[in-house]
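**Student:** Questions regarding the structure given below will be posed in turn.
The values are calculated or read from the model by the stated rules, or taken from the named source; none is laboratory data. Being a predicted model, the structure only gives us computed values, none of them experimental. Virtual Cβ from ideal backbone geometry, glycine too; neighbours counted across all protein chains shown. The area values use the complete protein model at the heavy-atom level, side chains included, leaving out ligands, DNA and RNA. Shrake-Rupley method; radii C 1.70, N 1.55, O 1.52, S 1.80 Å.
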Amino acid sequence: MMGPNAAVEYSPAPKSDPNFRRVKTLIRDSASTSRTLVCATTGMILLLPLLFWISSSNSSVALQEPSGATMVTFSTSSESEAEDRLMADGGVDNAGDSLSETAKLGRMRPAPEAEVGESAEQQEEGAGAEQDDRERKQEGGEDEAGGAKEESEGWSSRNGRGGRKAGPAEPEEEEQQQGVKEGKGEGDEGEDKGKEEGGRKSGGAEVVVVVRDSKEQVPDEKKETYMTLMGELVGQVAEVLPEAEKRENGQMVKHVRAALDRAEPLVEKWKGDRTWAGEEKVLGLIKLLEALRARAQEWKSTLSTLDRLKKKVDSLTKERNQLDLAAAKALPKALHCLNLRLAVAYGQDDEMKALTKAREKKQADKFKDPSLHHYALFSDNVLAVSVVINSTVQNTKEPEKHVFHVVTDEMNLPAMRTWFALHPPGKMALEIKAVEQYTFLNASYCPVLQQLQAAALKSYYFSQHESEGGGWAGKAKTAVKFKNPKYLSMLNHLRFYLPQMYPTLDRVVFLDDDIVVQSDLSPLFTLPLHGNVNGAVFTCRDEDEFHRLHKYLNFSHPFVKEHFDSNGCGWAYGMNVFDLDAWRRLDLTEVYHKYQRMNENRTLWQLGTLPPGLMTFYNLTEPLDAHWHVLGLGYNKEVSVEDAQGAAVVHYNGNWKPWLDTALKSYRHFWTKYVAADDDIVSQCNIDLNS
């Protein structure tokens with residue numbers, strides 16, 4: 001078969017010659033064929049823009065890596081949808097990577113022409129064209145025309161716009177294509193097929209994105225970038241571990257250690273012999289480390305906020321404690337009014353003075369009678385003392401057998417005497433004296449008086465600055481509760497001189513001024529103490545560590561550590577039974593003096609009377625049943641009201657005293673019911689008795 005541009009040579013011949021007619025027909029057919037081919041070529045060129053538009057709307061674009069890569073197909077109808085599909089296939093480890101960024105990383109390339117997706121009609125048309133070419137070549141057609149045609153078709157195929165497929169692939173190309181196909185499992189093929197169908201249904205083009213999983217496909221500079229980033233993330237995440245362990249955040253510790261166990265070996269291998277673990281694995285770990293870093297930063301931010309709040313709460317708590325202490329220190333205006341009015345009345349009423357002296361003279365014998373029940377009460381608070389005595393009288397079956405010994409200071413002595421001249425305790429005997437009347441209590445005899453007069457103790461008490469030194473004494477500086485003025489008053493230390501103050505008595509019940517007696521205390525005077533000196537309610541319960549001796553004494557001091565048990569149980573002052581005969585035999589006042597001298601620099605205990613009491617009466621205290629003395633009504637809101645109601649004595653130890661506005665309302669009625677509310681001076685001074 002002759003080509004369209006073939007030259008035909010012939011000799012002149014008559015038109016009637018049959019051969020002439022055959023040649024003429026052949027020339028005409030050849031010209032017709034040439035015109036047909038020219039029209040077809042022109043039409044294809046004109047249709048290229050249309051085909052381009054159609055292909056961009058409905059066809060598929062295939063981008064792939066060479067053999068050894070994994071192909072992931074998704075629709076480009078929306079960027080977010082593409083990212084979701086990419087994440088589902090595990091091709092991109094960071095869901096935040098956009099398609100453009102992926103392309104910049106070199107993860108998308110145009111596919112070889114043999115992999116260009118075509119429609120069935122285009123393939124059939126291409127197959128037909130190839131068949132015509134082969135026929136033309138067999139018939140001796142021109143090689144140049146065929147070559148031009150193949151070149152045109154190859155250009156169209158490479159650009160994804162051709163209507164026909166290129167000729168048979170070279171063996172090398174077939175191997176490459178076969179490697180790509182074998183690299184995809186059956187699941188991947190089904191997944192790609194579903195995505196292709198979804199892409200056509202949505203009207204958007206589909207893109208095949210390739211993520212390399214071959215160690216040889218990632219450039220060295222990119223490997224270095226990835227591993228440098230991973231190394232930085234490992235360091236940042238590792239910094240969180242000590243804080244998480246310190247804060248006992250088990251979940252954070254678990255996740256951080258797991259991530260570091262996976263990432264650190266890869267970083268070390270890369271630094272050592274440049275071992276590459278694969279792009280997919282590396283990017284997955286980078287994503288994990290970034291998530292942990294973000295979580296750790298959020299956690300540390302939360303901790304920082306909590307720490308600031310804790311500091312603020314601590315500051316407010318300290319301020320509240322200081323205000324409570326200031327309230328406990330200061331005498332309320334109403335009580336100050338009461339003391340002043342009573343003192344003025346005593347000074348102006350000579351008859352009241354004479355009456356008070358006559359009554360005390362009449363009861364003098366009872367003050368020394370060891371067969372009676374004696375109570376010792378030391379205070380400068382008139383109203384508080386009146387409640388203690390009034391509650392004891394009202395709950396005692398035989399008040400004539402009971403004697404109260406009240407000791408106050410010279411300033412408050414007139415007010416105290418006036419009150420009980422106006423409100424005598426019935427048949428109960430009452431002795432009222434000033435501490436200054438006990439002349440043996442002087443600085444030469446009492447170490448505590450020497451210390452109270454020392455400049456160091458005054459500086460300690462009145463200073464507003466914390467101690468510059470460390471150790472036990474330095475810690476004492478910061479304890480607000482030890483700034484209470486009662487620790488500077490000798491009235492608070494008289495409890496250690498009971499045998500000297502009452503030499504004829506053999507047993508005394510000691511009472512604080514912030515207690516209320518709710519039942520008859522007579523059984524305490526016959527209660528066996530089994531050779532012990534002190535009878536008291538112990539305050540530690542089961543595993544409670546708060547009231548153990550190590551909370552009161554400095555067990556870093558060699559003497560304390562050697563002579564006392566740090567886990568020994570503490571007991572409470574406020575309601576105690578003392579065997580004065582046993583006290584004298586053991587000369588415990590001198591033992592107290594010894595400890596007081598040793599503690600001149602506050603190295604054994606801080607200020608207060610309970611620590612030296614725990615040492616002085618160590619192994620000499622008889623436990624009493626808990627119902628005899630219920631404590632905590634001045635600070636502990638958790639004290640059961642039922643327990644308080646059933647107690648023989650309730651104690652408002654703490655800063656929230658019942659005569660203050662800060663008193664706990666749920667317990668205040670136990671105290672106010674024993675106040676002489678009908679007294680004219682109480683009314684005139686507006687003392688608040690509302691529970």
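**Student:** Condition (residue is farther than 18 Å from ARG247 by Cβ, of a type in the set (Lys, Arg), surrounded by fewer than 14 Cβ atoms within 10 Å (Cβ to Cβ) and modelled with pLDDT under 90) applied to the stretch 267-285: is it met by at least one residue?
**Tutor:** yes
**Student:** Condition check: without any contact (Cβ under 8 Å) to a residue 40 or more places away in the chain and of a type in the set (Ser, Thr, Tyr). Does SER371 satisfy that? Full working, then the answer.
**Tutor:** On the way: without any contact (Cβ under 8 Å) to a residue 40 or more places away in the chain: yes; of a type in the set (Ser, Thr, Tyr): yes.
Spelling it out, SER371 is indeed without any contact (Cβ under 8 Å) to a residue 40 or more places away in the chain and of a type in the set (Ser, Thr, Tyr).
**Student:** Now for a separate question. Quick one: count up the residues across the stretch 597-630 that are within 18 Å of LEU494 (Cα to Cα) and of a type in the set (D, E, K, R).
**Tutor:** Adding up the residues that qualify gives 1.
**Student:** State which residue pairs qualify: first residue in contact (Cβ under 8 Å) with a residue 12 or more places away in the chain and under 19 Å from GLU400 (Cβ atoms) and inside the stretch 411-436, second residue in a loop (DSSP other than H, G, I, E, B) and hydroxyl-bearing (Ser, Thr, Tyr) in any location, beta carbons under 7 Å apart, and separation of 6 or more residues or different chains.
**Tutor:** Cβ pairs passing all conditions: none.
**Student:** Please count how many residues of the stretch 598-616 are assigned to a loop (DSSP other than H, G, I, E, B) and among the hydrophobic types (A, V, I, L, M, F, W, C). It would help to see each step written out before you state the result.
**Tutor:** At the first step, the residues of the stretch 598-616 found to be assigned to a loop (DSSP other than H, G, I, E, B) are 599-609.
Now drop any that are not among the hydrophobic types (A, V, I, L, M, F, W, C), which leaves 604-605, 607.
The number of residues fulfilling the criteria is 3.
**Student:** Does THR317 satisfy the criteria of being among the polar types (S, T, N, Q), under 15 Å from THR225 (Cα atoms), out of contact with any Phe, Trp or Tyr (no Cβ under 6 Å at 6 or more places or on another chain) and without any contact (Cβ under 8 Å) to a residue 24 or more places away in the chain? It would help to see each step written out before you state the result.
**Tutor:** Details: among the polar types (S, T, N, Q): yes; under 15 Å from THR225 (Cα atoms): no; out of contact with any Phe, Trp or Tyr (no Cβ under 6 Å at 6 or more places or on another chain): yes; without any contact (Cβ under 8 Å) to a residue 24 or more places away in the chain: yes.
Answer is no for this residue.
**Student:** Looking at the stretch 437-453, which of its residues are more than 28 Å from VAL388 (Cα to Cα) and either open to solvent by 50 Å² or more (accessible area, probe 1.4 Å) or without any contact (Cβ under 8 Å) to a residue 40 or more places away in the chain (or both)?
**Tutor:** Those that are more than 28 Å from VAL388 (Cα to Cα) and either open to solvent by 50 Å² or more (accessible area, probe 1.4 Å) or without any contact (Cβ under 8 Å) to a residue 40 or more places away in the chain (or both): ASN442, ALA443, SER444, TYR445, GLN450, LEU452, GLN453.
**Student:** Return the only residue of GLU590, GLU642 being surrounded by fewer than 18 Cβ atoms within 10 Å (Cβ to Cβ), acidic (Asp, Glu), part of a helix (DSSP H, G or I) and more than 44 Å from the chain's Cα centre (by Cα).
**Tutor:** The match here is GLU590.
**Student:** Run down VAL517, VAL533, VAL509 and say which single residue is modelled with pLDDT of 95 or more, buried (at least 21 other Cβ atoms within 10 Å of the Cβ) and either within 23 Å of TRP656 (Cα to Cα) or more than 51 Å from the chain's Cα centre (by Cα) (or both). Spell out the reasoning first.
**Tutor:** On the way: VAL533 fails: either within 23 Å of TRP656 (Cα to Cα) or more than 51 Å from the chain's Cα centre (by Cα) (or both); VAL509 fails: either within 23 Å of TRP656 (Cα to Cα) or more than 51 Å from the chain's Cα centre (by Cα) (or both).
Unique residue meeting the criteria: VAL517.
**Student:** Let me ask you something else. Quick check on my filter: what residues within the stretch 398-430 are surrounded by fewer than 16 Cβ atoms within 10 Å (Cβ to Cβ), closer than 30 Å to GLN348 by Cα and acidic (Asp, Glu)?
**Tutor:** GLU410
**Student:** Could I ask something else about it? So if I check each of TYR618, TYR592, TYR573, which one is under 26 Å from LEU505 (Cβ atoms) and either of a type in the set (A, V, I, L, M) or touching a strand residue (DSSP E or B) at 6+ places or on another chain (Cβ under 9 Å) (or both)? I'd like the intermediate steps shown before the answer.
**Tutor:** Details: TYR618 fails: either of a type in the set (A, V, I, L, M) or touching a strand residue (DSSP E or B) at 6+ places or on another chain (Cβ under 9 Å) (or both); TYR592 fails: either of a type in the set (A, V, I, L, M) or touching a strand residue (DSSP E or B) at 6+ places or on another chain (Cβ under 9 Å) (or both).
Criteria check complete, one pass: TYR573.
**Student:** Another question, if that's okay. Here are some residues: GLY278, GLY272. Which one is on the phi > 0 side of the Ramachandran plot and over 18 Å from the mean Cα position of the chain (by Cα)?
**Tutor:** GLY278
**Student:** Among the residues of the stretch 468-506, write down those that are open to solvent by 30 Å² or more (accessible area, probe 1.4 Å), of a type outside the set (Val, Ile, Thr) and at pLDDT 55 or above.
**Tutor:** Within the stretch 468-506, PRO485, LYS486, TYR487, LEU488, SER489, GLN500, PRO503, ASP506 qualify.
**Student:** Report whether or not LEU331 is open to solvent by 30 Å² or more (accessible area, probe 1.4 Å), at pLDDT below 85 and on the phi < 0 side of the Ramachandran plot. Spell out the reasoning first.
**Tutor:** On the way: open to solvent by 30 Å² or more (accessible area, probe 1.4 Å): yes; at pLDDT below 85: yes; on the phi < 0 side of the Ramachandran plot: yes.
The answer is yes for LEU331.
**Student:** Report yes if some residue within the stretch 617-625 is of a type outside the set (Val, Ile, Thr), surrounded by fewer than 21 Cβ atoms within 10 Å (Cβ to Cβ), in a loop (DSSP other than H, G, I, E, B) and in contact with a His (Cβ under 9 Å, 6 or more places away or on another chain); otherwise report no.
**Tutor:** Filtering the stretch 617-625 down to residues of a type outside the set (Val, Ile, Thr) leaves 617-620, 622-625.
Now narrow it down to the ones that are surrounded by fewer than 21 Cβ atoms within 10 Å (Cβ to Cβ): 618-620, 622-623, 625.
If we keep only those that are in a loop (DSSP other than H, G, I, E, B) too, we end up with 618-620, 625.
Cutting the leftovers down to in contact with a His (Cβ under 9 Å, 6 or more places away or on another chain) gives us 618.
For the stretch 617-625, residues of a type outside the set (Val, Ile, Thr), surrounded by fewer than 21 Cβ atoms within 10 Å (Cβ to Cβ), in a loop (DSSP other than H, G, I, E, B) and in contact with a His (Cβ under 9 Å, 6 or more places away or on another chain): present.
**Student:** Continuing with this model, one more query. Give me a count of the residues in the stretch 590-605 that are under 28 Å from TYR375 (Cα atoms) and out of contact with any helix residue (DSSP H, G or I) (no Cβ under 6 Å at 6 or more places or on another chain).
**Tutor:** First, pick out the residues of the stretch 590-605 that are under 28 Å from TYR375 (Cα atoms): 590-596.
Next, only the ones that are out of contact with any helix residue (DSSP H, G or I) (no Cβ under 6 Å at 6 or more places or on another chain) stay: 590, 594.
Summing the residues that are under 28 Å from TYR375 (Cα atoms) and out of contact with any helix residue (DSSP H, G or I) (no Cβ under 6 Å at 6 or more places or on another chain) in the stretch 590-605 gives 2.
Here's the yes/no breakdown for (1) among the β-branched types (Val, Ile, Thr); (2) open to solvent by 30 Å² or more (accessible area, probe 1.4 Å); (3) in a helix (DSSP H, G or I); (4) within 30 Å of PRO414 (Cβ to Cβ):
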site	(1), (2), (3), (4)
SER301	no, yes, yes, no
LEU323	no, yes, yes, no
HIS336	no, yes, yes, yes
ASN339	no, no, yes, yes
LYS357	no, yes, yes, yes
ASP380	no, yes, no, yes
ILE389	yes, no, yes, yes
THR396	yes, no, no, yes
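**Student:** Tell me which of these THR621 doesn't satisfy, since it passes every other one: (1) in contact (Cβ under 8 Å) with a residue 24 or more places away in the chain; (2) under 30 Å from THR672 (Cβ atoms).
**Tutor:** It is condition (2) that THR621 fails.
**Student:** Mind listing just one residue for me: the one in the stretch 213-240 that is in contact with a strand residue (DSSP E or B) (Cβ under 8 Å, 6 or more places away or on another chain) and either closer than 11 Å to ILE286 by Cβ or open to solvent by 40 Å² or more (accessible area, probe 1.4 Å) (or both) and, of those, modelled with the highest pLDDT? Walk me through how you get there before you give the answer.
**Tutor:** Of the stretch 213-240, the ones in contact with a strand residue (DSSP E or B) (Cβ under 8 Å, 6 or more places away or on another chain) are 213-214, 217-218.
Right, trim to either closer than 11 Å to ILE286 by Cβ or open to solvent by 40 Å² or more (accessible area, probe 1.4 Å) (or both) and you get 213, 217.
Values: ASP213: 46, GLN217: 72.
Checking each candidate, the answer is GLN217.
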